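Working notes for the structure below.
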Amino acid sequence: MKVSSSKNKIDINALKFNQISISTGLLIGFVFNLGYVPILIAFIMLLGSLVPELSLFKQIYKYILIPFKLASPNIVEGTSKPHTFAQAFGGAVLVISSIFLFYGEAVTGWAITWMVIILALANIVFGFCAGCFIYFQLGKLGVPGFSDN
C-alpha cells in the first residue's frame, strides 16, 4: 500500500456520488423494509475505508460514470483522511443499526439508519460532513492520528 502525504487531490464529485449511493441504498432498504441493506452498505463503506481501491461506489463512478460522461471530476486540493474517517464512522454506525434490526428492534435500527441518511444528505446538499467535523475536532484535542500533518 502506497503511503502519500496527507495533502493530495480529491474528487469532490466522487465523494458526492458515494454519499448519493449510500443514501439511495439506505432509503430503498427503509422503504421496502429490507433489514439486510444497512449491513450491506456498512460492509461496502468499511471495506472502502480500509482498502480505497475496493470502494464499490467510487469504482462505479470512476469506471462507469466518468467514461460514459455521466459525471465529470471536480478535483480540489485537500486531504482524504477526514472523508475516509467519516465513511468508516458511518459504516460503524450502520453496524450498530444492523444489530438492532437483527434483534427485531426495527424502530431503533431504522432510526439509527436515518441518522446516517440525513448526515449523508447534509453533506450532499450543504457540503457539511459531520464525520469530517468529528475528525477535525479530535485533531484539535490532540488525539493521535487525527491531524493534517
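Coordinate-derived values only; no laboratory data. From a predicted model like this one, the values you see are computed outputs, not experimental measurements.
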Which of the following values of semi-axes √(5λ) of the Cα gyration tensor in Å was calculated from the structure shown: [x] 25, 20, 13; [y] 22, 18, 15; [z] 34, 20, 14?
[x]
In whole percents, the bins of 5 Å from zero upward hold the Cα-Cα pairs of segment 16-86 as 3, 14, 22, 24, 19, 11, 4, 1
I'd like the distance separating the alpha-carbon centroids of segment 24-53 and segment 102-120, in whole Å.
12
When only Cα pairs under 8 Å and 6 or more residues apart are kept, what is the percent relative contact order across segment 1-147?
30
I need the helices of the chain that pass two filters: whole DSSP H segments spanning 18 Å or more by Cα along the axis, and mean Kyte-Doolittle score no lower than 1.6.
37-50, 106-126
